[in-house]
Amino acid sequence: MVRIAAFSLISVVVIVVAMLGWRGKTSTDPPFQPFMDMFAQPRYEPQGASRFFVDGRSQQPPPVNTVAWGRNPQQADAEFVARDEDLFALQQLPLPLDRALILRGQQKYDLFCTVCHGGTGAGNGITTQYGMNAPPSYHTDRLRALTDGGIFQVISKGKGQMGPYGDRIARQDRWAIVAYVRALQRSHVASAEDVPDHLKNMQPAE
Ligand code: HEC
């Protein structure tokens, strides 16, 4: 009996000390990891010191006369550096709209956007089956009311869980995607009046 009581008491003390004993103590030791894998490895803190480089900085400026890949500010397109409000105010594409542009947009849309937004833009891409939040359908009044520049802005700079594509999709292709998103939206609200006159009397193929 006494043994059980003593054992319980010791257990309680051990548990309480384990839970509360080190509260509020900060430590610079790495946390205990039974399986390290690649979780913890040597690294530098941002802006930290380094004994490896002669100037003692861990973050090195790019060597003189070089430009980091894909980061040339001179090449950044005007829209990308434009203010968001200015882009949203842009009602229409700044390029000629033709069939080739829409087809190019379709190709790029299928590559970059279908996974999340679905092939028709209904917001039912494959990622939604893997726990990602469903993106909004393009076929709502709110998204139909977005300007062309607004869609371009979202593609270029991202929104919420959607990452930016400005550095991965060429400017021209981002506008092509905008044209295709418009075509998708249009396809859901079209009426017989939208059929061009010269196609109105076409008979369905037998
Ligand atoms: C990884 C998944 C993912 C990909 C890929 C993706 N999107 Fe999105 N998109 C989202 C999500 C999630 C939202 C909702 C963002 C929010 O409102 O927080 C969204 C929102 C949008 C919106 C609506 C913005 C608004 O005002 O509500 C548009 C337009 C859009 N995406 C276009 C595109 C286009 C075009 C592509 C391809 C270049 C693309 N997205 C690629 C996930 C994605």
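Computed quantities for the displayed model
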| quantity | calculated |
| --- | --- |
| Near pairs, Cβ below 9 angstrom, 6+ apart or cross-chain, from the range 182-201 (on the phi < 0 side of the Ramachandran plot) to any residue that is among the aromatic types (Phe, Trp, Tyr) and surrounded by 11 or more Cβ atoms within 10 Å (Cβ to Cβ) | Leu184/Tyr109; Leu184/Tyr138; Gln185/Tyr138; His188/Tyr138 |
| Helices (runs of 4 or more DSSP H) (entirely within the range 74-193) containing at least 2 residues that are modelled with pLDDT of 90 or more and open to solvent by less than 70 Å² (accessible area, probe 1.4 Å) | 99-112, 114-117, 148-157, 171-188 |
| Count of residues meeting criterion [near the ligand (Cβ under 10 Å from one of its atoms) and under 18 Å from Asp173 (Cα atoms)] in the range 109-128 | 9 |
| Hey, Gln172 away from the ligand (no atom under 12 Å from the Cβ) and either free of Cβ contacts under 8 Å to residues at least 60 places away in the same chain or of a type in the set (Gly, Ala, Ser) (or both) or not | no |
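The values are calculated or read from the model by the stated rules, or taken from the named source; none is laboratory data. Note that the structure is predicted; figures quoted are calculated from it, not measured. Neighbour counts are summed over all protein chains in view; Cβ atoms, including those assigned to glycine, are modelled from backbone coordinates with ideal geometry. The protein model used for the area step is the full one, side chains on, heavy atoms only, and it has no ligands, DNA or RNA in it. Shrake-Rupley method; radii C 1.70, N 1.55, O 1.52, S 1.80 Å.
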